[in-house]
Every structure is written in structure tokens, then in C-alpha cells.
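Colleague: Here you go, one structure.
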Amino acid sequence: QVQLVESGGGLVQPGGPLRLSCATSGSIFSIDAMGWYRQAPGKQRDLVAIISSGGRTKYADSVKGRFTISRDNAKNTVDLQMNGLKDEDTAIYYCNVWIRTVDYWGQGTQVTVSS
């Protein structure tokens with residue numbers, strides 16, 4: 001069994017930074033892709049950023065240039081550095097990892113951007 005725990009969410013003013021972290025635990029041999037998704041009220045869950053085991057990254061157009069995803073393969077963690085936050089970034093952010101053909105989700109962490 002694999003568990004994911006997100007941390008770092010909270011309330012931040014527009015333009016401010018926030019860093020999310022996702023820690024994994026359980027029976028993990030190696031993790032393939034790691035990513036962050038978000039879901040705003042009344043909307044579907046969308047990809048924010050994803051990083052492969054080799055470090056290749058992909059971002060949603062709406063966050064390019066503002067967010068940076070990174071991972072520590074030794075610790076099996078993935079972070080999301082968010083800068084220049086906007087009101088529309090308000091959502092629950094979920095960590096997601098792929099291990100072979102199975103993906104796992106965290107419980108989510110709330111990010112609220114408001115003045």
C-alpha cells in the first residue's frame with residue numbers, strides 16, 4: 001500500500017508564493033511520473049504539472065512561468081513551487097504518482113489566493 005500526504009497549502013495574497021510538498025510512504029520500489037493536479041469548486045480536476053522519473057516536466061499553460069515542479073528520487077517526494085499566485089489558482093491541490101500501471105492520490109491540500 002502506498003500513501004501520499006500533501007502539505008504546504010494555505011491562504012496567500014495575490015502575487016505571493018507558496019510551496020507544496022508531497023511525501024510518499026509504503027511499499028515503493030520506484031516511482032514513475034509524479035504530478036500535481038487541482039480542482040476548483042464546481043470544476044473538474046485538471047493537471048497542473050507533471051515530472052517524469054528522468055526529470056522531464058510538463059505544465060498547464062495557465063501556470064507556465066509561475067510554477068515549478070521538482071522531485072527528490074531518493075526521498076520519493078515531489079514539490080510544487082508556486083509564484084505569482086492569482087485568484088484563479090484557488091483550488092484543492094492533489095499529489096499524484098504512478099508506480100508501474102497504478103496511480104495513487106493524496107487527500108489534497110487547500111490553496112486559497114485572496115486579499
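The values are calculated or read from the model by the stated rules, or taken from the named source; none is laboratory data. Everything numeric in this text was worked out from a predicted model, so none of it was measured. Virtual Cβ from ideal backbone geometry, glycine too; neighbours counted across all protein chains shown. Surface areas here come from the heavy atoms of the whole protein model, side chains and all, with no ligands, DNA or RNA. Shrake-Rupley method; radii C 1.70, N 1.55, O 1.52, S 1.80 Å.
Colleague: Step by step: first the residues of the range 80-113, then only those that are of a type in the set (Val, Ile, Thr) and within 16 Å of residue 30 (Cα to Cα), then the one that is modelled with the highest pLDDT. Which residue is that?
Modeller: Within the range 80-113, the match that is modelled with the highest pLDDT is 97.
Colleague: When the range 60-90 is examined, which residues are found to be closer than 19 Å to residue 103 by Cβ and not hydrophobic (A, V, I, L, M, F, W, C)?
Modeller: 71, 73, 76, 77, 79
Colleague: Go through the residues of the range 7-23 one by one and say whether even a single one is more than 17 Å from residue 114 (Cβ to Cβ) and of a type in the set (Val, Ile, Thr).
Modeller: Looking for residues that are more than 17 Å from residue 114 (Cβ to Cβ) and of a type in the set (Val, Ile, Thr), one finds none in the range 7-23, hence no.
Colleague: Moving on. Which of the residues spanning the range 20-66 are polar (S, T, N, Q), out of contact with any Cys (no Cβ under 9 Å at 6 or more places or on another chain) and modelled with pLDDT of 95 or more?
Modeller: 39, 44, 52, 57, 62 - these are the residues of the range 20-66 that are polar (S, T, N, Q), out of contact with any Cys (no Cβ under 9 Å at 6 or more places or on another chain) and modelled with pLDDT of 95 or more.
Colleague: Now for a different question. Which strands (runs of 3 or more DSSP E) sit wholly inside the range 1-92 and have at least 1 residues that are open to solvent by 40 Å² or more (accessible area, probe 1.4 Å), out of contact with any helix residue (DSSP H, G or I) (no Cβ under 7 Å at 6 or more places or on another chain) and farther than 16 Å from residue 109 by Cα?
Modeller: Filter on the range 1-92 gives 18-26, 45-51, 57-59, 67-72.
Colleague: Starting from the range 95-115, keep only residues that are touching a residue at least 12 places away in the same chain (Cβ under 8 Å), then list their pairs with residues that are among the aromatic types (Phe, Trp, Tyr) and open to solvent by 90 Å² or more (accessible area, probe 1.4 Å) whose Cβ atoms are within a distance under 6 Å, requiring at least 6 positions of separation or different chains.
Modeller: Here the result reads 96/105, each pair linking the range 95-115 to a residue that is among the aromatic types (Phe, Trp, Tyr) and open to solvent by 90 Å² or more (accessible area, probe 1.4 Å).
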